[in-house]
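A.B. asks: One structure, pasted below without further comment.
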Amino acid sequence: MINIKTIISDAKKILKEHNLCDNCLGRLFASKLGLASHQKLGKKIRSILRKNNPKSCFICKNMMSKLDTQLSKMYEMSHDYEFSSFLIGAILQPSILDRDDLIRSKFKLQGINSIKGDINREIGKRFGRRTKTTVDYQNPDIVFTLDFKKEECEIKPKPLFLSGRYTKNIRGIPQKQKPCNQCRGKGCYVCEFHGISEFYSVEGKIAKFLYEKFGAQQAKITWIGSEDETSLVLGKGRPFFAKLVNPHKRTLRLGKKIALDGVAIRDLKIIEKIPSNIIRFRSKVAMQVQTENEIKSSQLRNLHKLEKQPIAIYENSGKKNQRHISDIQYKKKSSNSFSLLMKADGGVPLKRFADGVEVTPSLSSILENPCKCTVFDFYEIALTKSL
Ligand SMILES: [Zn+2]
Ligand SMILES: [Zn+2]
């Protein structure tokens, strides 16, 4: 049983030695009584004891009554962000925490909410009510850091993850963008914190579109396979993932296809996270091949041998990878060139597969004729396991 009399007499002892504001006073006893409003309880105790409100609170130096300043900063800063949940982390002057500890140990008070918890709770309650959003401890859309030491407020939105596919229907667009040479991709004043400062590649075009659409600072793209600047990416396109850093928007209202001057984004979707496991895929690819010596159609028939054995790929690291190709079709184009259509596991370096540099067997070795791949295009890129 909780004895109100004990609480009042404890409070009397504390107030005799220290001035406390309603919030701090109420907090010392609220959990015992199971009350939510610390301020109300503090007021009540004070009126029973006929004590006036002190000018300055011993514990918080009246910080609890100045939360409005932080709140208005939070409203202002979050105004441009889309969010439905948030979390607050307060940083207090260590002296406040010390004085809070001192009171608890001196008067042997147990099971009391910390002043930090109280601030988070109080601000959270008021901010949530006004913005119609909720506190989320696990996965909030935005996190506020309220630094009472420096009187600063910082807002950090959770990154947003997307999946999509892209097609590329003109040649001459590289896949990747060189990072900003000032900051090497970290983000700086020169690149407006994007990490890249030019937008002529597939990466640049997609990233620029995403910054603008989601008000994001950076778009980090994870590619499923790679291609040459001269390659086309046709069919349903190449899958990719994007992580948007500091997005202002979190919802998507876009069409099925977004055309970006030679590149198109398709099936853009918001996802929970980017898969961390290795993603296996298979591509249907067309290669244009030139041979050093004259080639006969009858020799090209040997290409089918490639379907029956794994292709060994030796990497610089000394690692050997094995990949498979299948469904080979070929067409002689001239006495020194042919085209090849096939399905290949992701990770077959197509140019090396032609000339045979650290790849066996290769087109060169099978045909016993030095080959060179001039252009390769993708007709389909399919994930071998659905995500
Ligand atoms: Zn106080
Ligand atoms: Zn930069």
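The values are calculated or read from the model by the stated rules, or taken from the named source; none is laboratory data. The model shown is predicted, which means the values in this text are computed figures rather than measured ones. We place every Cβ from the backbone using ideal geometry, glycine too, and count neighbours over all the protein chains shown.
A.B. asks: What do you reckon, is Q322 surrounded by fewer than 13 Cβ atoms within 10 Å (Cβ to Cβ) and over 40 Å from the mean Cα position of the chain (by Cα)? Write out each step before concluding.
C.D. replies: Working: surrounded by fewer than 13 Cβ atoms within 10 Å (Cβ to Cβ): yes; over 40 Å from the mean Cα position of the chain (by Cα): no.
No; evaluated as a whole, the condition is false for this residue.
Residue by residue, here is whether (1) in a strand (DSSP E or B); (2) within 33 Å of the chain's Cα centre (by Cα) holds:
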site: F338; (1), (2): yes, no
site: A344; (1), (2): yes, yes
site: S365; (1), (2): no, no
site: K372; (1), (2): yes, no
site: V375; (1), (2): yes, no
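A.B. asks: Turning to a different aspect of this structure: What's the number of the condition R99 fails, among (1) within 30 Å of F214 (Cα to Cα); (2) within 16 Å of ligand 1 (Cβ to nearest atom)?
C.D. replies: For R99, the failing item is (1).
A.B. asks: May I ask you to list the residues in the range 348-363 that are assigned to a loop (DSSP other than H, G, I, E, B) and either under 12 Å from T291 (Cβ atoms) or in contact (Cβ under 8 Å) with a residue 60 or more places away in the chain (or both)? Quick ask: steps written out before the conclusion?
C.D. replies: If we filter the range 348-363 for residues that are assigned to a loop (DSSP other than H, G, I, E, B), which is where we start, we get 348-349, 356-358, 361-362.
Selection gives nothing.
A.B. asks: Restricting to the range 285-295, name every residue that is part of a strand (DSSP E or B) and either outside the structural domain of L350 (by TED's automatic domain parsing) or among the aliphatic types (A, V, I, L, M) (or both).
C.D. replies: V285, A286, M287, V289
A.B. asks: Among the residues of the range 133-142, is any under 25 Å from the mean Cα position of the chain (by Cα), within 25 Å of L254 (Cβ to Cβ) and at pLDDT below 95?
C.D. replies: yes
Each row is one residue, and each column tells you yes or no for (1) within 10 Å of ligand 1 (Cβ to nearest atom); (2) under 19 Å from D98 (Cα atoms); (3) assigned to a helix (DSSP H, G or I); (4) out of contact with any strand residue (DSSP E or B) (no Cβ under 6 Å at 6 or more places or on another chain).
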{"site": "K16", "(1), (2), (3), (4)": "no, no, yes, yes"}
{"site": "K32", "(1), (2), (3), (4)": "no, no, yes, yes"}
{"site": "S47", "(1), (2), (3), (4)": "no, no, yes, yes"}
{"site": "N53", "(1), (2), (3), (4)": "no, no, no, yes"}
{"site": "K61", "(1), (2), (3), (4)": "yes, yes, no, yes"}
{"site": "L67", "(1), (2), (3), (4)": "no, no, yes, yes"}
{"site": "Q70", "(1), (2), (3), (4)": "no, no, yes, no"}
{"site": "K73", "(1), (2), (3), (4)": "no, no, yes, no"}
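A.B. asks: If you check every pair at least six apart or on different chains, which have Cβ atoms under 6 Å apart with a residue in the range 65-84 that is within 23 Å of K55 (Cα to Cα) first and a residue that is assigned to a helix (DSSP H, G or I) and within 16 Å of ligand 1 (Cβ to nearest atom) second?
C.D. replies: Cβ pairs passing all conditions: L67/I123.
A.B. asks: Need at least 1 residues that are within 15 Å of the chain's Cα centre (by Cα), of a type in the set (D, E, K, R) and away from ligand 1 (no atom under 16 Å from the Cβ) per element, so show me which strands (runs of 3 or more DSSP E) inside the range 150-238 make the cut, counting only ones lying wholly within it. Quick ask: steps written out before the conclusion?
C.D. replies: Working: elements: 152-157, 160-168, 218-223.
Those strands (runs of 3 or more DSSP E) span 152-157, 218-223.
A.B. asks: How many residues are surrounded by fewer than 17 Cβ atoms within 10 Å (Cβ to Cβ), out of contact with any Lys or Arg (no Cβ under 7 Å at 6 or more places or on another chain) and not in a helix (DSSP H, G or I) if we restrict to the range 86-110?
C.D. replies: Residues that pass the stated criteria total 4.
A.B. asks: For a quick check of your reading of the model, give me the residue pairs whose first member lies in the range 12-23 and is of a type in the set (D, E, K, R), whose second is at pLDDT below 95 and not in a helix (DSSP H, G or I), with beta-carbon atoms closer than 8 Å and at least 6 apart or on different chains.
C.D. replies: Cβ pairs passing all conditions: K13/F107; D22/N53.
A.B. asks: Would you please name the residue that is nearest to ligand 2 (Cβ to nearest atom), looking only at residues in the range 47-65 that are surrounded by 17 or more Cβ atoms within 10 Å (Cβ to Cβ) and modelled with pLDDT of 90 or more? Can you show your working first?
C.D. replies: Applying the first criterion (surrounded by 17 or more Cβ atoms within 10 Å (Cβ to Cβ)) to the range 47-65 yields 57-60, 63-64.
Now restrict to residues that are modelled with pLDDT of 90 or more: 57-60.
Working: C57: 47, F58: 49, I59: 45, C60: 42 Å.
Checking each candidate, the answer is C60.
A.B. asks: Considering K269, K284, which residue is within 18 Å of the chain's Cα centre (by Cα) and touching a residue at least 24 places away in the same chain (Cβ under 8 Å)?
C.D. replies: So the residue among K269, K284 that is within 18 Å of the chain's Cα centre (by Cα) and touching a residue at least 24 places away in the same chain (Cβ under 8 Å) is K269.
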